[in-house]
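Q: Next up is a structure, given as structure tokens.
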Amino acid sequence: MLHIDNLTKVYRRGARANDGISLAVASGEVLGLLGHNGAGKTTLLNQVVGLARPTAGTITLLGRDPVAEPAWARSVCSFQPQAHAPLTGVTMRQAIEIIGGIRGGHRRAVQRRTAALLAALNIEEWADQPGERLSGGVRRLTAFCMAIVEPGRLVMLDEPTNDVDPVRRRLLWEQVRVLAAEGRGVVLVTHNIAEAERVIDRVVVLDHGRVTATGTPAALAADRHMRLELTVPAEPTVPAWSLRTSREGDRLIVTVAEENAHLAVAWAQSLTSRFSLNPISLEEVYVTLTENPEVHRNAALVP
Ligand SMILES: Nc1ncnc2c1ncn2[C@@H]1O[C@H](COP(=O)(O)OP(=O)(O)O)[C@@H](O)[C@H]1O
Ligand SMILES: [Mg+2]
């Protein structure tokens with residue numbers, strides 16, 4: 001559905017925001033786009049919908065060139081921007097219905113769809129309030145509804161859960177899965193990695209404008225390391241099977257390959273009864289990648 005090949009964006013004032021990015025999104029797939037602040041995620045999405053012009057490289061959307069046909073790209077793409085939409089002088093419901101109409105929906109169908117989304121996200125209580133009075137999280141959910149009231153074949157969501165409470169985040173993730181089940185491609189930019197892990201089919205990690213890792217969360221889990229935490233006052237001699245050690249207060253954190261888990265448990269038991277051994281979360285894998293991309297590139301994540 002979407003093919004991005006060697007995409008580079010250099011802003012006029014110098015930042016190389018995207019530096020040779022290649023990725024693809026299939027129909028029915030949720031692609032999670034992760035990366036630190038300033039990694040180039042928003043720049044990437046903006047180029048797909050014609051809000052920024054690539055310096056080099058190609059974008060192919062449904063077999064056509066969105067850079068040459070930005071109006072067409074916006075008609076087949078739904079986009080929730082990271083920045084808040086101004087909601088002055090309209091209610092939440094009006095804002096969503098207006099966008100539904102602009103995107104070609106029939107009035108009754110748009111009204112039904114809007115009502116269904118408000119119910120699904122449990123935000124009906126604010127539906128008829130003036131937009132300028134809405135809290136940040138409710139505004140974000142309104143923007144999400146505006147993006148998907150008449151969804152395109154590709155849906156791009158730029159940090160859709162920022163400021164949203166945990167219960168409604170979960171409701172939003174369910175709607176993301178519905179979009180994919182309908183056969184749409186979804187690009188999801190998020191920092192809520194632990195939650196999104198269950199929603200996304202494939203991950204692309206950006207670091208300073210480059211792709212540092214791609215893979216399915218399942219592939220990631222396949223050679224996922226374990227995290228041993230023990231409370232020990234002194235510094236014990238760490239056995240050779242330890243991949244990495246660090247300290248957080250009085251706790252020692254040891255990274256262990258899964259096949260050495262039994263050795264780790266035996267060693268921990270010899271020192272203390274206060275220990276735990278857990279799989280490393282996608283979030284931790286991501287943090288490690290970001291801290292030290294050279295060491296971990298292609299190591300934990302399988303393309
Ligand atoms: N309009 C712009 N003009 C100049 N530099 C920009 C502009 N937008 C973003 N940048 C720079 O490009 C880099 C990537 O930004 P962005 O794509 O917003 O990252 P992210 O969304 O991953 O946080 C940053 O260094 C940012 O300062
Ligand atoms: Mg951004």
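The values are calculated or read from the model by the stated rules, or taken from the named source; none is laboratory data. Quantities reported herein were computed from a predicted structural model and do not represent experimental measurements. Using ideal geometry, Cβ is built from the backbone for each residue, glycine included, and neighbour counts are taken over all protein chains shown.
Q: Please work out which one of (1) within 14 Å of ligand 1 (Cβ to nearest atom); (2) more than 26 Å from residue 190 (Cβ to Cβ) is the condition residue 21 fails and give its number.
A: All conditions are met except number (2).
Q: Same structure again: Could you please find all residues in region 27-66 being β-branched (Val, Ile, Thr), buried (at least 17 other Cβ atoms within 10 Å of the Cβ) and more than 19 Å from residue 151 (Cβ to Cβ)? So that I can check it myself, show each step before the final result.
A: Of region 27-66, the ones β-branched (Val, Ile, Thr) are 30, 42-43, 48-49, 55, 58-60.
Checking the rest, the ones that are also buried (at least 17 other Cβ atoms within 10 Å of the Cβ) come to 30, 42-43, 48-49, 59.
Passing the criteria: 42, 43, 59.
Results for (1) within 22 Å of residue 207 (Cβ to Cβ); (2) within 14 Å of ligand 2 (Cβ to nearest atom), shown as yes or no for each residue.
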site	(1), (2)
8	yes, no
27	no, no
30	yes, no
33	yes, yes
38	yes, yes
96	no, no
122	no, no
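Q: Right, next: Would you confirm whether any residue within region 75-94 is assigned by TED's automatic domain parsing to the domain that holds residue 207, in a helix (DSSP H, G or I) and either touching a helix residue (DSSP H, G or I) at 6+ places or on another chain (Cβ under 7 Å) or within 13 Å of ligand 1 (Cβ to nearest atom) (or both)?
A: Checked against the condition, which is being assigned by TED's automatic domain parsing to the domain that holds residue 207, in a helix (DSSP H, G or I) and either touching a helix residue (DSSP H, G or I) at 6+ places or on another chain (Cβ under 7 Å) or within 13 Å of ligand 1 (Cβ to nearest atom) (or both), region 75-94 yields at least one hit.
Q: Out of region 94-139, which residues are touching a Ser or Thr at 6+ places or on another chain (Cβ under 9 Å), among the aliphatic types (A, V, I, L, M) and under 24 Å from residue 177 (Cα atoms)?
A: 95, 96, 123, 127
Q: Also, quick follow-up: Looking at (1) touching a strand residue (DSSP E or B) at 6+ places or on another chain (Cβ under 9 Å); (2) within 16 Å of ligand 2 (Cβ to nearest atom); (3) in contact (Cβ under 8 Å) with a residue 12 or more places away in the chain, find the lone condition where residue 85 falls short.
A: The one condition residue 85 does not meet is (1).
Q: Tell me yes or no: at least one residue of region 85-99 is surrounded by 15 or more Cβ atoms within 10 Å (Cβ to Cβ), over 17 Å from the mean Cα position of the chain (by Cα) and closer than 25 Å to residue 283 by Cβ.
A: No: region 85-99 contains no residue that is surrounded by 15 or more Cβ atoms within 10 Å (Cβ to Cβ), over 17 Å from the mean Cα position of the chain (by Cα) and closer than 25 Å to residue 283 by Cβ.
Q: Show me the helices (runs of 4 or more DSSP H) found entirely inside region 129-198 where at least 1 residues are basic (Lys, Arg). Let's see the steps before the verdict.
A: Working: elements: 136-148, 166-181, 193-196.
In region 129-198, 136-148, 166-181 are the helices (runs of 4 or more DSSP H) which contain 1 or more residues that are basic (Lys, Arg).
Q: Take residue 24 and decide whether it is within 24 Å of residue 160 (Cα to Cα), assigned by TED's automatic domain parsing to the domain that holds residue 192 and not in a strand (DSSP E or B). So that I can check it myself, show each step before the final result.
A: Working: within 24 Å of residue 160 (Cα to Cα): yes; assigned by TED's automatic domain parsing to the domain that holds residue 192: yes; not in a strand (DSSP E or B): no.
So residue 24 fails the test.
Q: Here is a list: 150, 159. Which entry is closer than 24 Å to residue 200 by Cα, surrounded by fewer than 22 Cβ atoms within 10 Å (Cβ to Cβ) and within 16 Å of ligand 1 (Cβ to nearest atom)? Talk me through it step by step, then tell me what you get.
A: Numbers: 150 fails: within 16 Å of ligand 1 (Cβ to nearest atom).
When all the criteria are applied, what remains is 159.
Q: For region 27-67, give me each residue that is within 9 Å of ligand 1 (Cβ to nearest atom), in a helix (DSSP H, G or I) and in contact with a strand residue (DSSP E or B) (Cβ under 7 Å, 6 or more places away or on another chain). Walk me through it before giving the result.
A: Taking region 27-67 first, the residues within 9 Å of ligand 1 (Cβ to nearest atom) are 33, 35-46, 52.
Next cut, in a helix (DSSP H, G or I) only: 41-46.
The answer is 41, 42, 43, 44, 45.
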